[in-house]
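Colleague: This structure is in structure tokens; I'll ask about it shortly.
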Amino acid sequence: MIKRIVPIEERPMCVIQGCSKRGQHTGRYKNNGYPIFRKTCVKHHSIEYGLGDWHYKIHRKEYCENVDGRLGFNCTTTIIDYEWQLDIDHKDGDPSNNIIENLQTLCKCCHAIKTKTERDYMTPGRKTLKSMDNTISRFFG
């Protein structure tokens, strides 16, 4: 079977109202070689199935909250694509503490500076997750 390429403009749109993205390719193909697409984009598929930490990413704003100087300096990053340039930061550094009051939206630059200056990479939650990751990788390679 020859796998065919479908031009982006011919791929189906996500069925979620207000979404302007294309349906996600499933990685499977029809007998005629054309790809099979989901009815939803990657983001909405991930939200529906609880993939990729969307349970807290849905609280992400469309701007860096450090524009107010909460980190000791004002953000000057120009946001072009908020889904790629903005992260959800856990204020207390604990990645398991997903209550809304502990979440803030930061651009990649501000997030990196906060992580370094506040040593978020050393918080107990990170160590626990790293320990779990190491244990899992020992068993499953």
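Read-outs: derived from the displayed coordinates by stated rules, not from any lab. None of these values were measured; they are calculated from a predicted model. Ideal geometry is used to build each Cβ from the backbone, glycine not excepted, and the neighbour counts take in all protein chains shown.
Colleague: Given the alpha-carbon gyration tensor of the stretch 56-135, what are the semi-axes of its equivalent ellipsoid in whole angstrom, ordered largest first, with each equal to the square root of 5 times an eigenvalue?
Modeller: 23, 14, 11
Colleague: Which percent of the Cα-Cα distances in the stretch 8-48 go past 15 Å?
Modeller: Summing the P(r) of the stretch 8-48 above 15 Å gives 38 percent of all pairs.
Colleague: For ILE58 and ARG11, compute 0.36 nm times the residue count separating them, minus their Cα-Cα distance, and round to one decimal in nm.
Modeller: Length gained between ILE58 and ARG11: 14.4 nm.
Colleague: For the pair THR76/ILE2, report the inter-label distance in nm, with labels modelled 7 Å from Cα in the Cβ direction.
Modeller: 5.4
Colleague: Something else now. Let me make sure I get this right: for the chain, a, b and c are the square roots of the gyration tensor eigenvalues over alpha carbons, sorted descending. Under 1.5 in a/c it's rounded, otherwise prolate if a/b > b/c, else oblate. Which is it?
Modeller: oblate
Colleague: Moving on. Could you pull out every Cys in the chain that lacks a partner Cys with its beta carbon under 4.7 Å away?
Modeller: Cysteines of the chain left without a disulfide-compatible partner: CYS109, CYS110.
Colleague: May I pose another question? Can you list the residues, at least 5 places off or on another chain, whose amide H is less than 5 Å from the amide H of LYS21, using H built in the peptide plane?
Modeller: Distant-sequence amide H within range of LYS21: CYS14.
Colleague: Per-residue counts of other Cβ atoms within 10 Å, averaged by peptide: what ranking do you get for 116-124, 56-64, highest first?
Modeller: Per-residue Cβ counts within 10 Å, averaged per peptide and sorted highest first, yield 56-64, 116-124.
Colleague: Okay, moving on. Quick one: which of LYS91/LYS116; LYS91/LYS114; LYS3/LYS30; LYS39/LYS61 span more than 18 angstrom between C-alpha atoms?
Modeller: Distance filter (> 18 Å) returns LYS39/LYS61.
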